[in-house]
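Reading through the structure tokens given below for one structure.
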Amino acid sequence: MRSLQTPRIPSATFALGMLLLWACAAKADARLDGTKPAQWRVTWTEEPSTKATVSWSTAAQGDSHTLRFREKEGDDEFSVQLAESGRYTGGDFELYYHHARLTDLKPATAYEIQMVSDTNESPIFYFVTAPATDREFSILHGGDSRSDQDARRRVNIMISEMVAQSHDNEILSDDILALAHGGDYIVSGNRMDLWSTWLSDHELTATPDGRLLPIIPARGNHDKGKPFNEVFGFPEDDLNYYSLSIGSQVKFITLNSETSTAGDQAKWLANELSQTRKSHRWLLVQYHRPVYPAVKTPHTALKSWVPLFERFNVDLVCEADGHVIKRTLPIRDGKPDETGVVYIGEGGLGVPQRSPKTDRWFVQSPGMADKGNHVFVLTFRKNVLEGKCVLEGGKLRDEFTRNARNGL
Ligand SMILES: [Fe+2]
């Protein structure tokens, strides 16, 4: 955990030295060393109001891996959850995963957690389960953190600051509850050494008081291979499409653009959208490869998914992969339509940016396109969804709203 406390300093020379040390410490991640827990993270892939997967890594295999957890407010003793452990696949790089799957948690509740591998204990962190009620909140969406590590670390530190600030007031709507990551975490998904660096960098998203921000992961085209499921605690052959309710009114669906977009996945999507359109005020979808790209050619999902998005009036679609910033105008039947679907993206959590093709019809006003590392803040208010695109450094690049469609 990063410390933001500045030490007392006895002389100017020491002052400079300590300042440098502090600057290094602020960037440091936990060292992988034997069975010392590191690379801590929380993942949401089902029922986030009552379940969460808490994961960590160790350099050595070790014998015993458990998670201590308890409600943050209260006098309960720690409970203990045994972790599922194994060696990450991915070349010669030796690293071990540990997943503690927590169930039967209370909604909107902070849990203190501590990872224990053999006799080594992590610092005590906490995370907060999703609400189950109809309340206002925010989530982050971004993608593509694969090929500019310095930028990735800077964006992660910015995310940590944004999360801390969002909870440092009484306003509920700005509270950032999770990060939806639209894929392309690293350059080569079979290289565990690259995953390890990403996982260590991800520690920087923790807030100074130890809050871990749950990830909602989507698979990108660079995330091929077995490590993706091992990193996020999916079953070994999982196809990585799933649906979460966050609060009672937000349905957040993650799709996998790296497997067949038709067939079973399209059937599942149709069923999911038809089941939830009437019960949820907001329907959102994320996946990696764009169907209305600002640089590249449209993904095949344009045929298999877009008719479903339009039929069930999805409120916002979050894409990645292009390494640009874009927001389309509302689209229906392949043309501008006030009642249509808006697509945002396309990835800037630490990746060199491309120049968007600003002459494409779907990024004309009221849409937009630009470049720059960024993250989107999506705020769910009672009748309006507010979106903000925040550039690395904190500058606001885009703002938009979507009105609730179904009057819930
Ligand atoms: Fe990609």
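The values are calculated or read from the model by the stated rules, or taken from the named source; none is laboratory data. Given the structure is predicted, the values throughout are model-derived calculations rather than measurements. All Cβ positions, even for glycine, are placed from backbone atoms using ideal geometry, and neighbour counts span all protein chains on display. What goes into the accessible areas is simple: the full protein's heavy atoms, side chains included, and nothing from ligands, DNA or RNA. Shrake-Rupley method; radii C 1.70, N 1.55, O 1.52, S 1.80 Å.
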- [ ] Collect the residues in region 132-183 that are within 16 Å of the ligand (Cβ to nearest atom) and either in a loop (DSSP other than H, G, I, E, B) or not assigned by TED's automatic domain parsing to the domain that holds TYR287 (or both), keeping them in residue-number order.
- [x] GLY143, ASP144, SER145, ARG146, SER147, ASP148, GLY182, GLY183
TODO: Scan (1) open to solvent by 50 Å² or more (accessible area, probe 1.4 Å); (2) among the aromatic types (Phe, Trp, Tyr); (3) under 30 Å from LYS371 (Cα atoms) for the single condition PHE78 breaks and write down its number.
DONE: (3)
Open item on the list: Here is a list: ASN240, ASN190. Which entry is open to solvent by 10 Å² or more (accessible area, probe 1.4 Å), within 16 Å of the ligand (Cβ to nearest atom) and touching a Lys or Arg at 6+ places or on another chain (Cβ under 7 Å)?
Closed with: ASN190
Open item on the list: Any residue that is in contact with a strand residue (DSSP E or B) (Cβ under 6 Å, 6 or more places away or on another chain) and among the aliphatic types (A, V, I, L, M) - is there at least one of those in region 55-62?
Closed with: no
TODO: Would you please list the contacts, defined by Cβ atoms under 6 Å and residues six or more apart or on different chains, that run from a residue in region 211-223 that is over 28 Å from ILE113 (Cα atoms) to a residue that is more than 14 Å from the ligand (Cβ to nearest atom) and assigned to a loop (DSSP other than H, G, I, E, B)?
DONE: none
Open item on the list: When the residues of region 300-342 are narrowed to those that are assigned to a helix (DSSP H, G or I) and not charged (D, E, K, R), which ends up surrounded by the most Cβ atoms within 10 Å (Cβ to Cβ)?
Closed with: ALA301
Task: In region 343-361, the residues that are out of contact with any His (no Cβ under 8 Å at 6 or more places or on another chain) and surrounded by 23 or more Cβ atoms within 10 Å (Cβ to Cβ) - done: TYR343, GLY345, GLY350
Open item on the list: If ALA130 meets every condition in (1) under 23 Å from HIS99 (Cβ atoms); (2) touching an Asp or Glu at 6+ places or on another chain (Cβ under 8 Å); (3) among the hydrophobic types (A, V, I, L, M, F, W, C) apart from one, which number is that one?
Closed with: (2)
- [ ] Kindly provide the set of residues from region 105-127 that are among the aliphatic types (A, V, I, L, M), out of contact with any Asp or Glu (no Cβ under 9 Å at 6 or more places or on another chain), open to solvent by 10 Å² or more (accessible area, probe 1.4 Å) and in a strand (DSSP E or B), ordered by number.
- [x] VAL116
Open item on the list: Name the residue that is nearest to GLU236 (Cα to Cα), counting only residues in region 81-104 that are in contact (Cβ under 8 Å) with a residue 40 or more places away in the chain and surrounded by 19 or more Cβ atoms within 10 Å (Cβ to Cβ).
Closed with: TYR88
Open item on the list: Can you tell me how many residues within region 305-321 are free of Cβ contacts under 8 Å to residues at least 60 places away in the same chain and within 29 Å of PRO352 (Cβ to Cβ)?
Closed with: 3
TODO: Kindly list the number of the only condition in (1) open to solvent by less than 10 Å² (accessible area, probe 1.4 Å); (2) within 16 Å of the ligand (Cβ to nearest atom) that fails for GLY233.
DONE: (2)
Open item on the list: For the list (1) touching a helix residue (DSSP H, G or I) at 6+ places or on another chain (Cβ under 7 Å); (2) of a type in the set (Lys, Arg); (3) within 12 Å of the ligand (Cβ to nearest atom), I need the number of the one condition that LYS296 fails.
Closed with: (1)
